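K.L.:
One structure, as structure tokens, below. Some questions next.
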Amino acid sequence: FGKDRHPWLLVNGIGMTMLTPVTKFMVHLPLAFHAGPSESALVICFGMGTSYRSAMSWNLDTTAVELVPSVTRAFGFYHADAARFVQATNGHLITDDGRRFLKRTEKKFDVIVVDPPPPVEAAGSSLLFSREFYELAKQHLKPGGILQMWFPGNPDLDTCQAAIRSIRESFPYLRCFPSIQNWGVHMLGSMDPIPTLDADALAARMPDSARQDFVEW
């Protein structure tokens with residue numbers, strides 16, 4: 001529901017997301033840090049389709065996996081240009097559980113982007129923060145690949161510690177960035193060193209289409 005720049009997505013009455021640059025950062029940060037060349041991306045949890053759309057702006061082979069079929073069908077409600085991305089030959093929308101998809105596919109990706117649905121404590125969401133999930137995801141990262149996990153923040157300190165501990169124990173290299181709008185943390189995990197780059201260097205790695213998407217809002 002909603003209109004213009006203020007729509008919302010609810011699933012079973014629970015607020016999932018809104019149009020926010022945070023969901024663009026989820027994609028652009030790991031791809032800018034990736035040593036490249038970047039060829040493929042996987043987005044787990046489709047939401048409004050913003051992250052999927054941002055990944056496509058890098059001209060990658062992009063796969064999005066979403067558990068709830070009606071969520072991907074609502075893509076056009078949130079983005080007027082959704083049809084272009086749905087029809088793109090390098091885009092793939094799959095209705096499935098993210099973990100189950102990883103168990104069944106043989107594909108590997110340069111970047112895997114995970115945006116777990118709220119609340120963090122829900123069974124389907126908390127499992128995405130587990131060491132078991134990270135072990136599965138690592139099997140589908142190419143050499144130098146980066147996994148982006150977004151943690152929305154939680155007033156419960158035990159929950160925060162558990163979420164960060166599991167990714168810290170799963171990847172030898174981890175970088176964390178507080179997101180804009182004081183909303184959550186982007187956690188980048190990799191089996192290989194993640195380069196230390198400043199904002200200018202990161203921006204220089206972005207193709208023009210990705211830069212335009214990044215500053216859209």
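K.L.:
Which of (1) exposed (fewer than 14 other Cβ atoms within 10 Å of the Cβ); (2) outside any strand (DSSP E or B) is the odd one out, the single condition P143 does not satisfy?
P.N.:
(2)
K.L.:
Pick out the one residue from A41, A55, A64, A82 that is more than 15 Å from the chain's Cα centre (by Cα) and hydrophobic (A, V, I, L, M, F, W, C). Explain how you work it out, then say what you get.
P.N.:
Values: A41 fails: more than 15 Å from the chain's Cα centre (by Cα); A55 fails: more than 15 Å from the chain's Cα centre (by Cα); A64 fails: more than 15 Å from the chain's Cα centre (by Cα).
Within the list A41, A55, A64, A82, the selection yields A82.
K.L.:
Looking at (1) out of contact with any Leu (no Cβ under 8 Å at 6 or more places or on another chain); (2) under 21 Å from L29 (Cα atoms); (3) assigned to a loop (DSSP other than H, G, I, E, B); (4) aliphatic (A, V, I, L, M), find the lone condition where I164 falls short.
P.N.:
(3)
K.L.:
Consider L202 carefully, then state whether it is open to solvent by less than 70 Å² (accessible area, probe 1.4 Å), touching a residue at least 40 places away in the same chain (Cβ under 8 Å), under 14 Å from I112 (Cβ atoms) and in contact with a helix residue (DSSP H, G or I) (Cβ under 9 Å, 6 or more places away or on another chain). Let's see the steps before the verdict.
P.N.:
On the way: open to solvent by less than 70 Å² (accessible area, probe 1.4 Å): yes; touching a residue at least 40 places away in the same chain (Cβ under 8 Å): yes; under 14 Å from I112 (Cβ atoms): no; in contact with a helix residue (DSSP H, G or I) (Cβ under 9 Å, 6 or more places away or on another chain): yes.
Against the criterion (open to solvent by less than 70 Å² (accessible area, probe 1.4 Å), touching a residue at least 40 places away in the same chain (Cβ under 8 Å), under 14 Å from I112 (Cβ atoms) and in contact with a helix residue (DSSP H, G or I) (Cβ under 9 Å, 6 or more places away or on another chain)), L202 does not qualify.
K.L.:
Has the stretch 84-94 got at least one residue that is open to solvent by less than 50 Å² (accessible area, probe 1.4 Å), within 29 Å of Q212 (Cα to Cα), outside any helix (DSSP H, G or I) and of a type outside the set (A, V, I, L, M, F, W, C)? Spell out how you get there, then give the answer.
P.N.:
If we filter the stretch 84-94 for residues that are open to solvent by less than 50 Å² (accessible area, probe 1.4 Å), which is where we start, we get 85, 88, 90-91.
Subsequent filtering for residues that are within 29 Å of Q212 (Cα to Cα) retains 85, 88, 90-91.
Remaining after also requiring outside any helix (DSSP H, G or I): 88, 90-91.
Checking which are of a type outside the set (A, V, I, L, M, F, W, C) leaves us with 90-91.
Yes, there is a match, as at least one residue in the stretch 84-94 is open to solvent by less than 50 Å² (accessible area, probe 1.4 Å), within 29 Å of Q212 (Cα to Cα), outside any helix (DSSP H, G or I) and of a type outside the set (A, V, I, L, M, F, W, C).
K.L.:
Pairs under 7 Å by beta carbon, first residue closer than 23 Å to P178 by Cα in the stretch 8-28, partner of a type in the set (D, E), six or more apart or different chains?
P.N.:
Short answer, once both residue conditions are applied: T23/D115; K24/D213; M26/D115.
K.L.:
When the stretch 50-81 is examined, which residues are found to be within 14 Å of V11 (Cβ to Cβ), part of a loop (DSSP other than H, G, I, E, B) and open to solvent by less than 30 Å² (accessible area, probe 1.4 Å)?
P.N.:
The answer is A74, and nothing else.
K.L.:
So W217 clears everything in (1) touching a residue at least 40 places away in the same chain (Cβ under 8 Å); (2) more than 23 Å from S57 (Cβ to Cβ); (3) loosely packed, with under 15 Cβ neighbours inside 10 Å except one condition, right? Which one?
P.N.:
Exception for W217: condition (2).
K.L.:
Now for a separate question. Which condition breaks for V185 when tested against (1) open to solvent by 30 Å² or more (accessible area, probe 1.4 Å); (2) of a type in the set (A, V, I, L, M); (3) modelled with pLDDT of 95 or more?
P.N.:
Tallying (1) open to solvent by 30 Å² or more (accessible area, probe 1.4 Å); (2) of a type in the set (A, V, I, L, M); (3) modelled with pLDDT of 95 or more, V185 fails exactly one: (3).
K.L.:
Starting from the stretch 135-158, keep only residues that are closer than 19 Å to T105 by Cβ, then list their pairs with residues that are assigned to a loop (DSSP other than H, G, I, E, B) and open to solvent by 10 Å² or more (accessible area, probe 1.4 Å) whose Cβ atoms are within a distance under 6 Å, requiring at least 6 positions of separation or different chains.
P.N.:
H140/K108; K142/K108; I146/H34
K.L.:
Does T23 satisfy the condition of being over 29 Å from M206 (Cα atoms) and either at pLDDT 95 or above or in contact with a Phe, Trp or Tyr (Cβ under 7 Å, 6 or more places away or on another chain) (or both)? Working first, answer last.
P.N.:
Values: over 29 Å from M206 (Cα atoms): no; either at pLDDT 95 or above or in contact with a Phe, Trp or Tyr (Cβ under 7 Å, 6 or more places away or on another chain) (or both): yes.
It is false that T23 is over 29 Å from M206 (Cα atoms) and either at pLDDT 95 or above or in contact with a Phe, Trp or Tyr (Cβ under 7 Å, 6 or more places away or on another chain) (or both).
K.L.:
Here's another thing I want to ask about it. I'd like to check something: does the stretch 171-181 contain any residue that is closer than 29 Å to G15 by Cβ, without any contact (Cβ under 8 Å) to a residue 24 or more places away in the chain and in contact with a helix residue (DSSP H, G or I) (Cβ under 6 Å, 6 or more places away or on another chain)? If you could, list the steps in order and put the result at the bottom.
P.N.:
Taking the stretch 171-181 first, the residues closer than 29 Å to G15 by Cβ are 174-181.
With without any contact (Cβ under 8 Å) to a residue 24 or more places away in the chain added as a condition, the list becomes 174, 176, 178.
Then keep just the ones that are in contact with a helix residue (DSSP H, G or I) (Cβ under 6 Å, 6 or more places away or on another chain); that gives 174.
The answer is yes, given that some residue of the stretch 171-181 is closer than 29 Å to G15 by Cβ, without any contact (Cβ under 8 Å) to a residue 24 or more places away in the chain and in contact with a helix residue (DSSP H, G or I) (Cβ under 6 Å, 6 or more places away or on another chain).
K.L.:
How many residues are in contact with a Gly (Cβ under 8 Å, 6 or more places away or on another chain), surrounded by fewer than 20 Cβ atoms within 10 Å (Cβ to Cβ) and modelled with pLDDT of 90 or more if we restrict to the stretch 152-174?
P.N.:
2
K.L.:
Can you pull out the residues in the stretch 120-134 that are surrounded by fewer than 18 Cβ atoms within 10 Å (Cβ to Cβ), aliphatic (A, V, I, L, M) and either over 19 Å from F46 (Cα atoms) or touching a residue at least 24 places away in the same chain (Cβ under 8 Å) (or both)? Steps first, please.
P.N.:
At the first step, the residues of the stretch 120-134 found to be surrounded by fewer than 18 Cβ atoms within 10 Å (Cβ to Cβ) are 121-127, 130-132.
Pick out the ones that are also aliphatic (A, V, I, L, M) and you get 122-123, 127.
If the condition is that a residue be surrounded by fewer than 18 Cβ atoms within 10 Å (Cβ to Cβ), aliphatic (A, V, I, L, M) and either over 19 Å from F46 (Cα atoms) or touching a residue at least 24 places away in the same chain (Cβ under 8 Å) (or both), then L127 is the only one that fits.
The values are calculated or read from the model by the stated rules, or taken from the named source; none is laboratory data. Nothing here was measured: the structure is a model prediction, and the numbers come from that model. Virtual Cβ from ideal backbone geometry, glycine too; neighbours counted across all protein chains shown. Ligands, DNA and RNA are stripped out before the accessible areas are found, and what is left, the full protein with its side chains, is counted by its heavy atoms. Shrake-Rupley method; radii C 1.70, N 1.55, O 1.52, S 1.80 Å.
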